[in-house]
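**Student:** I'd like to ask you about the structure that follows.
The values are calculated or read from the model by the stated rules, or taken from the named source; none is laboratory data. Computed from a predicted model, the values in this text were never measured in an experiment. FYI the Cβ positions are ideal-geometry reconstructions off the backbone, even for glycines, and counts take in every protein chain you see. These accessible areas exclude ligands, DNA and RNA; they are computed on the full protein's heavy atoms, side chains included. Shrake-Rupley method; radii C 1.70, N 1.55, O 1.52, S 1.80 Å.
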Amino acid sequence: MTPYSDRMNERIVVRGVAVAPGVAWGQAVFHESDVDIPILAISEDDVGEELKRLSAALRTTKRHLAALEKNLAQEVGERDARIFAVQGLLLDDPEFRKSMRNRVRRDLVNAEVAVRDEVDEWSRRLRGLSAESERDPGADLRDVGRQVLRVLAGKPRQVPVEGDGIERLIMVAEEFLPSDAANIDRAQLAAIVTVSGGVASHAAILARSLGIPSVTFVEATGLPHHGRRWIVDGNSGQVIVNPTDVEIAEAEARSRDYREFRAALEAETRDFARTKDDVAVELMLNIDVADDLTPESLESLNGVGLYRTEFLYMNRPFFPSEAEQYRHYCDVLRKVGDREVTFRTIDVGGDKPLPYLSVPHEPNPVLGWRGIRLSLEWPDMLYSQLRALLRASAHGRMRVLAPMVTTVEETRRVVAIVREIQSDLKQHDIPFDPDMPVGMMIEIPAAALATGLIARECDFISVGTNDLSQYALAVDRNNSRVADLYQQFHPGLLRLLRDTIGQAGRAEVPLCVCGELAGNPEATLLLLGLGLRSFSMSAYDIPMVKRVVAATDLAYARKVATQAFELVDIADIRAHLRAATLEVAPDLRSLMESDR
Ligand code: PEP
Ligand code: MG
């Protein structure tokens, strides 16, 4: 057996999923996020007193959340700080509060046990909606619960990382929760490594806003920490435990280069995207939270290519009214001015559960009741959303997009509902845009192969490569065990994409790609070469893709795409695309190490 001291000093390289970019090194400390709680049985006589303690703790936590929101707003902006307002809403949920009080009364336990058990129960229920969730809605609830427990323990403002004296702290944790970001000394915090938590978790959003490199899905509990040196690469997802001095020097250099290069890239890409031979390429933003939007963020972009409306419906205790939805969509349209927004109807189920919608347990949620399937069977929700959207269409340029479409019949049903609502609005003299385009998302391989047929029944097509890849490859996009098999440059997938783009072209229906592949600079030449002229991606990816577009002409992109189809091995295809990209945009090298 390896002696303990040897193992503690062993150089270990692990790979997780990169959730916030940047490179950092520092000393690792494991952060235990659970709070020790007293477990007490109480008598009937103590119930009143215990309920009072519970109410007081909930009130205090609410005040703390408001303070956290205010403090963090100055640093990361109001949008991301609003996470704490969402947590406040969870705390106010009448059902949740009632269930905690009932537990004290029924089980005769102290407030701490009631909070702990109810948080466990509710987060299990939320998680139960999906086996593998990209964004675990229970994480916010657990965070709130932990804060209430701290208040009950009389230690509300605990900064729980025992990294005193450490200059560059690598925080290693089972899970990183939003309140950690607010409570921790950020001057000290160099990077975050977690066992669980997805790319779309609130904690990941905060880490990105704060510019803290972060990697998740790392089996970190068994790795040497206790102040050991680690390098965390938030671009590639690589973590090196006990690196050599040379590796640390390299990491420092990469970190510096990365920061300088990104700053320069962002400054230089202020024009609309055009190829070297002056062909306009539409670049649009993917938006998850409305507040990501500012007129400046769209200055040299063609609009919002994917507005994921489900985020308006998550993180709240109940479904928004039609009036609230309408106000929200009008607000988005106001923010984007003369640009076009593609609103996707709610895409829940599968990996995106809604806390207040109880979906019966499904053995394979990702193959189950999700996206438009769920919306079509839940007409109240779909009608109220579409009605709100259609009313908003009178106030700006917008399109509506249906997610996870499988068949032509579904396409017809969605379009028919839109027409029905439009005629109702007309009858009631409520203004709307009768020409608003209605599109279908292609995310299912059978639908991809039928793109031409679907395109005949609607106005545009948007390809969601994230789901299309998971279904075509039979690889759960959120399962770290099979992450190595999630290969977007699989030759079969490339053929599927070529066919999809070709079918839409022949049907003369506009097609956009809005999955992560559209924002991957290694895929830009290939997609351009296949005829794609419309890309939608997260803000982070825009400067890199713009740079590749500006550096190529179409003849080169077509040649690169043709050559990619002559290759067989995924590794060879990737290497070819990477080399071809670096040939025209050599300075992207440092940003193209990621494994996505
Ligand atoms: C996709 O599947 O590619 C997509 C854009 O949708 P989402 O990532 O929201 O599932
Ligand atoms: Mg999808």
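**Student:** Can you tell me which residues in region 235-255 are under 14 Å from Ala190 (Cβ atoms) and among the charged types (D, E, K, R)?
**Tutor:** Those that are under 14 Å from Ala190 (Cβ atoms) and among the charged types (D, E, K, R): Glu252, Arg254.
**Student:** Going residue by residue through region 459-470, is there one that turns out to be out of contact with any Phe, Trp or Tyr (no Cβ under 9 Å at 6 or more places or on another chain), modelled with pLDDT of 95 or more and away from ligand 2 (no atom under 16 Å from the Cβ)?
**Tutor:** yes
**Student:** On to the next question. Examine region 447-464 for a residue that is within 13 Å of ligand 1 (Cβ to nearest atom) and open to solvent by 10 Å² or more (accessible area, probe 1.4 Å), and state whether such a residue exists.
**Tutor:** No, because not a single residue in region 447-464 is within 13 Å of ligand 1 (Cβ to nearest atom) and open to solvent by 10 Å² or more (accessible area, probe 1.4 Å).
**Student:** Within the group Ala392, Ala416, Ala450, which residue is at pLDDT 95 or above, closer than 17 Å to Leu511 by Cα and out of contact with any strand residue (DSSP E or B) (no Cβ under 6 Å at 6 or more places or on another chain)?
**Tutor:** Answer to the selection: Ala450.
**Student:** For Arg82, which of the numbered conditions (1) open to solvent by 50 Å² or more (accessible area, probe 1.4 Å); (2) at pLDDT 85 or above; (3) over 22 Å from Phe30 (Cα atoms) fails to hold?
**Tutor:** (2)
**Student:** Test Leu468 against the stated conditions and say whether it is open to solvent by less than 40 Å² (accessible area, probe 1.4 Å), more than 17 Å from Leu306 (Cβ to Cβ), within 16 Å of ligand 1 (Cβ to nearest atom) and not hydroxyl-bearing (Ser, Thr, Tyr). Working first, answer last.
**Tutor:** Numbers: open to solvent by less than 40 Å² (accessible area, probe 1.4 Å): yes; more than 17 Å from Leu306 (Cβ to Cβ): no; within 16 Å of ligand 1 (Cβ to nearest atom): yes; not hydroxyl-bearing (Ser, Thr, Tyr): yes.
It is false that Leu468 is open to solvent by less than 40 Å² (accessible area, probe 1.4 Å), more than 17 Å from Leu306 (Cβ to Cβ), within 16 Å of ligand 1 (Cβ to nearest atom) and not hydroxyl-bearing (Ser, Thr, Tyr).
**Student:** In this structure, is Ser423 open to solvent by 50 Å² or more (accessible area, probe 1.4 Å) and among the polar types (S, T, N, Q)?
**Tutor:** Criteria met by Ser423.
**Student:** Please verify whether region 384-407 includes one or more residues that are at negative phi, within 16 Å of ligand 2 (Cβ to nearest atom) and open to solvent by 10 Å² or more (accessible area, probe 1.4 Å).
**Tutor:** yes
**Student:** Residue under question is Thr309, and the condition is that it be more than 17 Å from Met544 (Cβ to Cβ) and at pLDDT 80 or above; does it hold? Working first, answer last.
**Tutor:** Details: more than 17 Å from Met544 (Cβ to Cβ): yes; at pLDDT 80 or above: yes.
It is true that Thr309 is more than 17 Å from Met544 (Cβ to Cβ) and at pLDDT 80 or above.
**Student:** Among the residues of region 478-497, is there at least one that is modelled with pLDDT of 95 or more and of a type in the set (S, T, N, Q)?
**Tutor:** no
**Student:** Could you please give the count of residues in region 239-257 that are polar (S, T, N, Q) and under 14 Å from Ile170 (Cβ atoms)? Before you say what the answer is, go through the steps one by one.
**Tutor:** Step one: list which residues in region 239-257 are polar (S, T, N, Q), which gives 242, 244, 255.
Pick out the ones that are also under 14 Å from Ile170 (Cβ atoms) and you get 242, 255.
Within region 239-257, residues that are polar (S, T, N, Q) and under 14 Å from Ile170 (Cβ atoms) number 2.
**Student:** Could I ask something else about it? Condition first: touching a Ser or Thr at 6+ places or on another chain (Cβ under 8 Å) and within 24 Å of Val568 (Cα to Cα). Now tell me which residues in region 493-511 satisfy that.
**Tutor:** Leu493, Leu497, Asp499, Thr500, Gln503
**Student:** Hey, can you tell me all the residues within region 28-48 that are within 25 Å of Asp143 (Cα to Cα) and at pLDDT 85 or above?
**Tutor:** Within region 28-48, Ala28, Val29 meet the criteria.
**Student:** Name the single residue, out of those in region 476-495 being within 13 Å of ligand 1 (Cβ to nearest atom) and without any contact (Cβ under 8 Å) to a residue 60 or more places away in the chain, that is farthest from Thr406 (Cα to Cα).
**Tutor:** First, pick out the residues of region 476-495 that are within 13 Å of ligand 1 (Cβ to nearest atom): 476-478, 486, 488, 493.
Checking which are without any contact (Cβ under 8 Å) to a residue 60 or more places away in the chain leaves us with 486, 493.
Details: Tyr486: 21, Leu493: 18 Å.
Checked region 476-495; the qualifying residue farthest from Thr406 (Cα to Cα) is Tyr486.
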